[in-house]
Each structure stands twice: as C-alpha cells, then as structure tokens.
Amino acid sequence: MVSKKITSHVAEYTCKHCKCELTTTESGTLDVLTPELKEINESLAKFYRKRHQVQSVA
Ligand SMILES: [Zn+2]
C-alpha cells in the first residue's frame, strides 16, 4: 500500500494490487475513499498545513 498523510491521524492509502483507495478517518476507522471523503481530506490537509506551518507533505 502507498500512503498519503493528511493529518497526524488521517492518511489515504492506495492498494498496489487492485488500486482500491482507502482512508483513515478522524475517528480512527478505515473507510473506502469516496469522492466525498476525498474532498473532506483535501480541506483537512489544507487546514492542517496552515495550522501547523508545514510547507509540504509527501
Ligand atoms: Zn486492494
């Protein structure tokens, strides 16, 4: 799995084999990454970077 960190406790994952996308949520569960969740994560990431003064997240 490849992962993309959103915040300290939220990350997105892509399965190398079937390309399915998953995400951890603020509540700590692992969910299928729906377009809705993707949008939420994008705003979370923006907010998080601003708040924590992080320039870039790999
Ligand atoms: Zn998979």
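Bear in mind that the values in this text are calculations on the coordinates, not laboratory data. Predicted model, so just to flag it, every value in this text is computed and none were measured. Counting neighbours? That spans all protein chains shown, and the Cβs are built from the backbone with ideal geometry, glycine included.
Axis of helix 35-52 versus longest Cα principal axis of the chain: the two differ by about 30°, to the nearest ten degrees. Mean residue ellipticity, 222 nm, helices only, the chain: the sum of -39500 (n - 2.57) across DSSP H runs of n ≥ 4, divided by residue count and rounded to 500, is -10500 deg cm²/dmol. Proximity of backbone amide H atoms, modeled 1.01 Å from N, is registered between Ile6 and Ala11, Glu12 at under 5 Å, excluding neighbours fewer than 5 places apart on the same chain. Taking amide H as placed 1.01 Å from N in the peptide plane, Leu33 has its amide H under 5 Å from the amide H of Glu21, Leu22, Thr23, each at least 5 places away in sequence or on another chain.
Here the chain is treated with +1 on each Lys and Arg Cβ and -1 on each Asp and Glu Cβ, and its dipole about the Cα centre works out to around 320 debye.
Footprinting exposure proxy ranking of Glu21, Glu36, fewest other C-beta atoms within 10 angstrom first, gives Glu36, Glu21.
Simple rule: put +1 on each Lys or Arg Cβ and -1 on each Asp or Glu Cβ in the chain, find the dipole, and look at Val2, Val32, His17; the Cα lying farthest toward the positive end is Val2.
Computed from the C-beta positions of Thr14 and Phe47 and an R0 of 25 Å, the FRET efficiency is 0.65 to the nearest 0.05.
Derived scalar couplings between HN and Hα for the stretch 15-25 equal 6, 5, 8, 10, 6, 5, 10, 10, 9, 8, 10 Hz in order, rounded to whole Hz, by the Karplus curve 6.51 cos²θ - 1.76 cosθ + 1.60 (θ = phi - 60°), x for Gly and Pro.
Length gained on full extension, Glu36 to Met1, computed as 0.36 nm times the residue gap minus the Cα-Cα distance: 10.5 nm. Relative contact order, whole percent, for the stretch 2-52 stands at 28, derived from Cα pairs under 8 Å and 6 or more residues apart.
Which whole-number percent of Cα pairs in the chain have a distance greater than 15 Å? Of the Cα pairs, 45 percent sit more than 15 Å apart.
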